[in-house]
Amino acid sequence: MSDAIRLDELGFGVGTQRRMDGVVIGALVGFADGAPLVDFPGNEHDSPIRARTTVVLGNDDVGREVALLFEAADPTRPVLIGPILHRDTDRERKLKLRRDSEHVELIADREIVLKCGKASITLTRAGKVLIRGAYVSSHSTGVNKIKGGAVQIN
């Protein structure tokens, strides 16, 4: 009890939460209703807690180390600021995005798929371009060319 008395004397209430200042390295352990669940050294809960995030995360990020900050240094209010990048393991993530003011290039090793509802455009490593949709329309103010080794219509 002497420790509790000393804390009170110093102006700290017994049970006062400690502060989490600076960046803390934790782990993304899953999602709950779309919110990331994180665990970290100093987490006083028995289970991971929800965090706010500044980056888009997916299921493939589960298990990765993440950098965390805490709102008002409160350990119950983590903000996930991003995954930690490791040169060796992140080299396996072959998706690249290059852009400037006039050009956007998306590069993948095997396949790129753009989807929206029932429509999709798929680019494969073999050079195939697959366009699927409930309604596909092609319009041109100039020449509309269809060229290929063989052209099949219907």
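Relative to the current alpha-carbon distance between SER120 and GLN152, full extension at 0.36 nm per residue lengthens the span by 9.5 nm. The label point for ARG132 and the one for ILE84, both projected 7 Å from the Cα toward the Cβ, are 4.0 nm apart. Each Lys and Arg adds +1 at its Cβ and each Asp and Glu adds -1 at its Cβ; summed about the Cα centre, region 17-83 shows a dipole of about 160 debye. Each residue of region 104-118 was assigned a 3J(HN,Hα) from its phi angle through the Karplus curve 6.51 cos²θ - 1.76 cosθ + 1.60 (θ = phi - 60°); the sequence is 10, 10, 10, 10, 9, 6, 10, 7, 10, 10, 9, 10, 8, x, 8 Hz, with glycine and proline shown as x.
Taking a ≥ b ≥ c as the square roots of the eigenvalues of the alpha-carbon gyration tensor, region 17-83 is classed prolate because a/c is 1.5 or more and a/b outweighs b/c. Maximal additional length on extending the GLU44-SER140 stretch stands at 28.3 nm, based on 0.36 nm per residue less the C-alpha distance. Here each label is just a point 7 Å from Cα along the line to Cβ, and for VAL55 and ASP74 those points are 2.5 nm apart. Among 110-116, 141-147, 75-81, the peptide with the highest mean count of other Cβ atoms within 10 Å heads the list, and the full ranking is 75-81, 110-116, 141-147.
Each value in this text was obtained by applying a stated rule to the coordinates, not by laboratory testing. Predicted model, so just to flag it, every value in this text is computed and none were measured. Every residue, glycine among them, receives a Cβ derived from its backbone with ideal geometry; neighbour counts consider all protein chains shown.
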